[in-house]
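The structure appears below as structure tokens.
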Amino acid sequence: MKETPQEKKIRQNLQESGISPQGFLGEDERHIHEIVATDLAVLERLGKTKEEIADRMEFFSQEAFSHYDGNVIIDQIYEIEYDTVRGKIPCPFDHPGLFRKGEITLNNLHKNLKISWTPLNIHMIRAHGFFEGKGAKHRLEPKDLIEILFK
Ligand SMILES: [Zn+2]
């Protein structure tokens, strides 16, 4: 697939030392469109939309932000923690605006499964259907997210 100049810029942003030192692609060499299409196909198979997932992540994140020590249990199932990291990061897809760094960890106590994400992950899922490349530091497997976010 031939890249447009804009796609090239985005790919550079996503690579190591583009916007973040570790990058967003891991060892994934697929075209960004293919990464997104593959993950969206998983969502479709499991009957969830990227918006439903992003809304759920946003809900848990807001709960974590609103508790000063960043630790809260919801519905006796979901234990949420927030680790603050100083600084902000832009969207690698060249959107305006900055996202706070830091990491939200959700522990589903019923299933004993845990997953962590950043505010940028939520944006990239909602706006771009992008869960990051295989092997990336904050790669989120759609299947795992669905398993953990929804009872
Ligand atoms: Zn964006």
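The values are calculated or read from the model by the stated rules, or taken from the named source; none is laboratory data. Keep in mind that this is a model prediction, so the values were computed, not measured. Every residue, glycine among them, receives a Cβ derived from its backbone with ideal geometry; neighbour counts consider all protein chains shown. Surface areas here come from the heavy atoms of the whole protein model, side chains and all, with no ligands, DNA or RNA. Shrake-Rupley method; radii C 1.70, N 1.55, O 1.52, S 1.80 Å.
Data for the structure
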| quantity | calculated |
| --- | --- |
| Lysines with Cα under 25 Å of LYS134, excluding same-chain neighbours fewer than 8 positions away | LYS2, LYS8, LYS9, LYS48, LYS50, LYS88, LYS101, LYS111, LYS114, LYS143 |
| Prolate/oblate/rounded label for region 5-149 (Cα gyration tensor, a/c 1.5) | oblate |
| Portion, in percent, of the accessible area of the chain that falls on carbon or sulfur, probe 1.4 Å | 50 |
| Bins of 5 Å, starting at 0 and running to the largest distance - Cα pair percent for region 68-151 | 3, 14, 22, 24, 20, 12, 5, 1 |
| Kirkwood-type radius of region 12-67, with distances r between different C-alpha atoms, in Å | 13.5 |
| Nonlocal amide H pairs with GLY102, under 5 Å, H built at 1.01 Å | VAL85 |
| In Hz, Karplus ³J(HN,Hα) per residue of region 83-97 (6.51, -1.76, 1.60; θ = phi - 60°; x = Gly, Pro) | 9, 6, 10, 5, x, 9, 9, x, 6, x, 8, 6, 7, x, x |
| 222 nm mean residue ellipticity, helices alone, for the chain (DSSP H n ≥ 4; -39,500 (n - 2.57); rounded to 500) | -12000 deg cm²/dmol |
| Karplus-derived HN-Hα couplings along region 121-136 (A = 6.51, B = -1.76, C = 1.60, θ = phi - 60°), whole Hz, x at Gly and Pro | 3, 4, 4, 5, 5, 5, 8, 10, x, 10, 9, 6, x, 4, x, 6 |
| Two-site label geometry, ARG100 and GLU16: point separation in nm, points 7 Å out along Cα→Cβ | 3.1 |
| Stretchable slack from LEU113 to PHE150, in nm (0.36 nm times residue separation minus alpha-carbon distance) | 12.1 nm |
| Among GLN12, LEU145, GLN62 the positive-end extreme of the charge dipole of the chain (Cβ point charges) | GLN12 |
| Residue-normalised accessible area of region 5-149, expressed per residue, 1.4 Å probe, Å² | 54 |
| At most 16 other Cβ within 10 Å, DSSP loop - trypsin sites (Lys or Arg not before Pro), region 22-77 | ARG30 |
| Theoretical FRET efficiency, 1/(1+(r/R0)^6), r = Cβ-Cβ of SER66 and ALA127, R0 35 Å, to 0.05 | 0.90 |
| Separation between Cα centres of region 1-79 and region 110-151, rounded to whole Å | 6 |
